[in-house]
Amino acid sequence: MNPYEIPASIQPLPNRALLAAALAAESRWIILKELTKGEPRMTMELARLIGTSPDATAKQMIMLRRAGLVEQVYGKLYTIPKKYLPQPGQPVVDFGHCLLRLDAAG
């Protein structure tokens with residue numbers, strides 16, 4: 001373990017109001033479900049998945065990123081921070097305030 005890394009158990013949780021707002025759209029649930037697979041995805045890939053334009057999907061990603069539910073890595077790729085994936089590869093996300101079981105999404 002990196003001595004300068006903050007343990008996941010004491011890292012701040014996403015803001016509840018931003019979390020609730022970010023989860024208000026079904027398309028964002030579908031995006032989160034795709035990202036639980038563990039592979040970073042580009043906005044264009046996610047746009048095809050949810051059936052919207054890349055510009056509209058980019059706005060969805062901004063909402064998810066501001067809420068702290070996803071992070072942007074390697075330039076234009078998005079992923080869910082590992083600390084929120086209790087079972088990598090499974091459609092489950094634990095944001096601390098809530099546990100999402102995304103197997104029924106999309």
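A compact table of results
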item: Odd one out for Gly51, checked against (1) touching a residue at least 60 places away in the same chain (Cβ under 8 Å); (2) surrounded by fewer than 14 Cβ atoms within 10 Å (Cβ to Cβ); result: (1)
item: Subset of segment 58-106 [of a type in the set (Gly, Ala, Ser) and farther than 16 Å from Ser27 by Cα]; result: Gly68, Gly75, Gly89, Gly96
item: Helices (runs of 4 or more DSSP H) contained entirely in segment 13-101, each with at least 1 residues that are modelled with pLDDT under 90 and not acidic (Asp, Glu); result: 16-22
item: Selection from segment 74-106 of residues that are in contact (Cβ under 8 Å) with a residue 24 or more places away in the chain and more than 15 Å from Glu34 (Cβ to Cβ); result: Tyr74, Lys76, Lys83, Phe95, Gly96, His97, Cys98
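The values are calculated or read from the model by the stated rules, or taken from the named source; none is laboratory data. Being a predicted model, the structure only gives us computed values, none of them experimental. All Cβ positions, glycine included, derive from the backbone under ideal geometry; neighbour counts span all protein chains shown.
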